[in-house]
Amino acid sequence: MGATPTSPPAPTRAPGIVDAARRALTERPPEPSPRRARLLDVTAILWCRDLRPPTVRQIAAATGHTSPSTPLHGFGHLVDIVAGVIRREWGQIEHGWLPAPVDDRSDWLVDHVRSLLALDPACLRLPALVSSAVAAADPARSVPLAAQLAPLHALAAFAPGPDVVDDPGAVVHLRPPRGPGQDPDLAVPA
């Protein structure tokens, strides 16, 4: 008598952090370039400031581009940019922190904290955000390391709160590279 009822389309969801972490752990990264490194830095800063991955529009605005598609060039999709941030930070953790003898970990941690502070004080959250994403994407890889990863989560407690930055979507000013032996500027950018 009538048309047979059809089921509604399955809900779709945008790729999230776990999807980005899966890509970071399984796919080859694109060729490195200064432009890609800058986009990864900006994405990491915005993610750490807002505690969620930025939108393509936020990344474009923070890098001075008017077109939201410009940051995607060379990556493909936003999830690939976030995967790049995760891949880079997890590589630091997996090849620097985890294999280091216990006595040498404090040296690695101090150097890593300095490099994160050179980007932005909010980036002290990055090791915790990344190791949590990796744990969700591949528990077999990171859950056995939970005790070793705990100090990296403690770093997040030292990051400034979101109220310190007036506009988390404001243009991100990356600090110039520091010379050897110089301490990073600890001032929170306004």
Three-way shape label, segment 42-83, alpha-carbon gyration tensor, a/c 1.5: oblate
Sum of side-chain charges, residue 87 neighbourhood, beta-carbon under 9 Å (Lys, Arg +1; Asp, Glu -1): 0
Three-way shape call for segment 92-163 based on the alpha-carbon gyration tensor, with the a/c threshold at 1.5: oblate
Three-way shape label, segment 17-160, alpha-carbon gyration tensor, a/c 1.5: prolate
Under 13 Å, Cβ to Cβ, from residue 137 - net charge with Lys/Arg +1 and Asp/Glu -1: +1
Distance between segment 69-87 and segment 89-154 - C-alpha centres, whole angstrom: 22
Potential extension, residue 146-residue 107 segment - 0.36 nm per residue separation minus Cα distance: 12.0 nm
Modelled FRET efficiency - R0 35 Å, residue 55 with residue 138, Cβ distances, 0.05 increments: 0.85
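Bear in mind these aren't lab numbers, they're just calculated from the coordinates by the rules spelled out. Please read all numbers here as calculations on a predicted model, not as lab measurements. Neighbour counts run over all protein chains shown; Cβ positions are idealised from the backbone, glycine included.
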